[in-house]
Structure formats: C-alpha cells, structure tokens
Amino acid sequence: MCGRFSFFARRADIAGAFPFVLLAPDFDAVVPRRYNIAPTQRTTIVRGDRHASLATWGFGMPHTFNARAESVAERPLYRRSFVERPALVPANGWFEWEPTPSGKRPFYITAEDERPLLFAGIWNLRESSPCFSILTRASRFELAPIHHREPVVIEPADALHWLDEHTSPQQRHQLLVPRSDRAPHFYPREVRRAVNDIGNDGADLLASPTSTESVRDLPLFPLSPEP
C-alpha cells in the first residue's frame with residue numbers, strides 16, 4: 001500500500017531526472033514542497049500529454065487511493081482508466097508503518113540514491129476535476145518485513161510507453177512487473193512519528209526519531225487496504 005508520500009523536487013530536479021515531463025515556467029512558485037501528502041489532497045501528476053498538472057489523490061470514494069496492479073484491469077471502477085487514462089505520479093519517497101508489539105513505527109522509503117521516482121497511476125474526472133489512484137503490487141524482499149504492498153515504480157525508460165494511449169493492456173501489465181535489470185533498490189529508514197498526523201508537513205518529518213518519542217504521542221491516520 002502507499003497511503004502517504006512526499007514530493008518536494010524542484011523544477012530543475014524533475015527536468016534532470018525526467019526530461020520528457022513538460023513543466024510550467026512557474027512550477028516552483030505554484031507547486032509547494034510537500035513532505036506528507038495524504039489521500040484527498042492535491043498533488044502533481046503527469047498525464048498522456050506529458051504536462052505536469054494538479055489532481056486529487058483518490059477516486060472520490062473511500063479507499064480508492066490505491067489500486068492493485070493484479071486486478072486493476074478487471075475492476076469496474078478502474079478498468080477504463082487503466083486502458084485509456086494512465087498517469088505518472090512524481091514522488092521523492094513514501095511512508096509505511098511497521099507493526100510492532102508497542103505500536104506502529106513509520107518508515108520513509110526512497111530509492112537507494114534518493115533520486116525522484118515515478119509511481120504508476122491512473123486518473124479519472126470527478127466533478128470535472130482530475131483525480132488519481134496509485135497502483136500497488138506485492139512488496140519485494142527488502143520491504144516485505146515492513147509492509148506486504150509497495151507502489152509500482154515506473155523507470156524513466158518505460159515512462160512514455162506507460163503514458164502512450166496506444167499501449168495495449170497486456171503491454172501495460174508488463175510494465176507493472178519488476179524487471180531485475182531495471183528495478184531500483186529501495187532504502188527504508190525509520191523517521192519521526194510526527195508524520196502520523198496528516199496536519200504535519202515539513203522536512204523535519206524525514207528526520208530520525210528522537211529517543212523520547214513514543215508511539216502514543218500522536219494518533220495514526222487510519223489506512224485501509226486498497227480494494
């Protein structure tokens with residue numbers, strides 16, 4: 001599952017990592033750095049025209065912020081978007097919570113070199129406004145102890161193929177399967193429990209936890225399995 005993520009890359013970072021993404025000249029002024037993006041909030045996505053634009057996270061109903069890659073083409077809510085409305089969701093990393101006997105420990109997960117990422121997404125229109133869902137798959141070995149699902153990360157070399165309206169559903173499914181020659185390694189590290197509160201948003205959320213922090217300090221944002 002991916003129920004919280006960060007996106008604080010600036011225009012120069014995105015242009016360097018993903019030169020095919022079309023960014024407005026005032027991108028840095030219009031799009032703030034975000035360190036704790038939650039469902040129902042707006043963030044940047046890239047659609048088939050390759051322009052970066054804002055959209056609301058979730059398809060407008062509870063628990064639709066993630067869609068399982070294994071069944072997205074069969075689910076009535078998602079299947080047309082999977083065929084006709086692919087999207088990419090830029091991110092710097094995402095959060096998962098590891099259950100422990102004393103409570104849940106938040107981890108921030110990034111590429112090993114901390115480069116920006118592109119999550120596989122699908123989009124739709126809700127009341128004439130774009131919304132999106134992030135596709136997930138079974139976690140690979142380095143993340144499985146923390147959570148059994150992970151967002152699908154599309155490599156830059158596959159990004160335009162993912163966005164192409166002529167890509168068949170079968171070809172699109174192949175892009176959701178991790179490839180050993182391209183799949184990045186992910187690095188999870190424990191962070192401050194202040195991230196549990198969706199009202200908190202700042203770079204300090206990515207710091208290591210203090211010795212005095214307790215799992216009872218802040219309420220957890222409830223996350224539910226994706227349908």
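The values are calculated or read from the model by the stated rules, or taken from the named source; none is laboratory data. The shown structure was predicted, so the numbers you read here are calculated from the model rather than taken from an experiment. A quick note on method: Cβ atoms are made from the backbone with ideal geometry, for glycine too, and the neighbour counts reach across all protein chains shown.
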Yes or no: T210 among the hydroxyl-bearing types (S, T, Y) and either modelled with pLDDT of 95 or more or on the phi > 0 side of the Ramachandran plot (or both)?
no
All but one of (1) crowded, with 18+ Cβ neighbours inside 10 Å; (2) out of contact with any helix residue (DSSP H, G or I) (no Cβ under 7 Å at 6 or more places or on another chain); (3) modelled with pLDDT of 95 or more hold for A12; which doesn't?
(1)
Test E150 against the stated conditions and say whether it is among the acidic types (D, E) and over 25 Å from P19 (Cα atoms).
yes
Inside the range 29-52, can you point out the residues that are surrounded by 15 or more Cβ atoms within 10 Å (Cβ to Cβ) and more than 13 Å from the chain's Cα centre (by Cα)?
V31, R47, G48, R50, A52
Say whether the condition of being in contact (Cβ under 8 Å) with a residue 24 or more places away in the chain, closer than 17 Å to L117 by Cα and of a type in the set (K, R) is met by at least one residue in the range 59-81.
no
When you go through A52, A15, A29, A24 one by one, which is the residue that is in a strand (DSSP E or B), out of contact with any Phe, Trp or Tyr (no Cβ under 6 Å at 6 or more places or on another chain) and free of Cβ contacts under 8 Å to residues at least 60 places away in the same chain?
A52
For the range 127-183, name all the residues that are closer than 18 Å to T64 by Cβ, charged (D, E, K, R) and loosely packed, with under 14 Cβ neighbours inside 10 Å.
E127
The lone condition R75 fails out of (1) among the charged types (D, E, K, R); (2) out of contact with any Gly (no Cβ under 8 Å at 6 or more places or on another chain); (3) closer than 12 Å to S133 by Cα is (3)
Restricting attention to the range 88-95, does a residue exist that is within 24 Å of P184 (Cβ to Cβ) and either touching a His at 6+ places or on another chain (Cβ under 7 Å) or among the polar types (S, T, N, Q) (or both)?
yes
Being more than 22 Å from R115 (Cβ to Cβ) and in contact (Cβ under 8 Å) with a residue 40 or more places away in the chain narrows it down to one of H173, H166, H147, so name that one.
H173
Any idea how many residues of the range 32-49 are touching a Ser or Thr at 6+ places or on another chain (Cβ under 8 Å) and assigned to a loop (DSSP other than H, G, I, E, B)?
3
Testing P62 on (1) out of contact with any helix residue (DSSP H, G or I) (no Cβ under 9 Å at 6 or more places or on another chain); (2) surrounded by 14 or more Cβ atoms within 10 Å (Cβ to Cβ); (3) within 25 Å of N200 (Cβ to Cβ), one condition comes back false. Which one is that?
(2)
